[in-house]
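Here's the structure, in structure tokens; my notes come after.
The values are calculated or read from the model by the stated rules, or taken from the named source; none is laboratory data. As the structure is a prediction and not an experimental result, all values here were calculated from the model. As a convention, Cβ positions derive from the backbone with ideal geometry for all residues, glycine included, and neighbour counts pool all protein chains shown. Note: areas computed on protein heavy atoms with side chains; ligands, DNA, RNA excluded. Shrake-Rupley method; radii C 1.70, N 1.55, O 1.52, S 1.80 Å.
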Amino acid sequence: MKFFIMTLFPDMVLDALHTSVLGRAAEKGLLDIEAVDIRTFATNKHKRVDDYPYGGGAGLVMQAEPIYRAYQSVQDKTQGNPRVIYLTPQGRVFSQEMARELAKEEELVFLCGHYEGIDERVLEEIVTDQVSIGDYVLTGGELAAMVMVDAISRLVPGVLNNEESAEFESFEDNLLEYPQYSRPEEWMGRRVPAVLLSGHHGKVDEWRREQSLLRTLERRPDLLEKARLTDKDRDFLDKIQKKPCEDA
Ligand code: 6GU
């Protein structure tokens, strides 16, 4: 999968996204992450890419032309017409479902803004999707683009090893993960739950499922409404005196 990230801070994005799991995936040729430095497309000798907003007001606005030229340089390298995602708190809120959908694309383009925003006309001209990563404000789109690239990349076949892949299924089911333990059996007076040492796989699976249900009920009851629950799951939730949802 090929990502183009249009940004004023190419190093920030490339360093982070070539670390750990994604770095190895890039070495294997599964991912290709290219940063496109918008500043190199400035049309003046001072390499300025921002200016005062028409109508007045605080801050600076990123100008249309350098961004459009950066986009044209991306187009020269792409096959079809890839989706162009503008990172903004005004966008649709990113989710695992959106990550799954975007992971089907072969190429994706991200546009990271700074200052008080980007000239609306270039957004109209090139952007296909506006996405936010949550209801808070960042200083720029880079961290948001990195969050999206990470979440999308781990869904690309081969990026995670098989052991890791199986693990994400639980969030896919809208349930939180059960707690994990490793050696030693006792640490600071806290023992690993006995069932995990029993060697009884059936009992371990059952305990983990119950822990997932319990955690989701306590921490994210909103997710339970979307979770696919078995009759046994519902019996367990009833037993612990709380109802997951009205009926169904
Ligand atoms: Cl996508 N960009 C910025 N600047 N702030 C954000 C965001 C994006 N998502 C949440 N806050």
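Details
- Test: residue in the stretch 208-218 that is within 16 Å of the ligand (Cβ to nearest atom) and among the β-branched types (Val, Ile, Thr): no
- Helices (runs of 4 or more DSSP H) fully within the stretch 136-197 that include at least 3 residues being at pLDDT below 95 and surrounded by fewer than 16 Cβ atoms within 10 Å (Cβ to Cβ): 162-167, 169-172.
- Subset of the stretch 42-57 [touching a Leu at 6+ places or on another chain (Cβ under 8 Å) and open to solvent by less than 50 Å² (accessible area, probe 1.4 Å)]: Val49, Asp50, Pro53
- Looking only at the stretch 22-41, and only at residues there that are assigned to a helix (DSSP H, G or I) and open to solvent by 40 Å² or more (accessible area, probe 1.4 Å), the one that is nearest to Ser165 (Cα to Cα): Arg24
- Only residues that are crowded, with 16+ Cβ neighbours inside 10 Å and within 12 Å of the ligand (Cβ to nearest atom) were counted in the stretch 90-115, giving 8.
- Residue selected from the stretch 116-126 under the condition open to solvent by less than 30 Å² (accessible area, probe 1.4 Å) and within 24 Å of the chain's Cα centre (by Cα), by the criterion farthest from the ligand (Cβ to nearest atom): Ile126
- Comparison of Ile126, Ile118 shows that the only residue that is touching a strand residue (DSSP E or B) at 6+ places or on another chain (Cβ under 6 Å), more than 23 Å from Glu101 (Cβ to Cβ) and modelled with pLDDT of 95 or more is Ile118.
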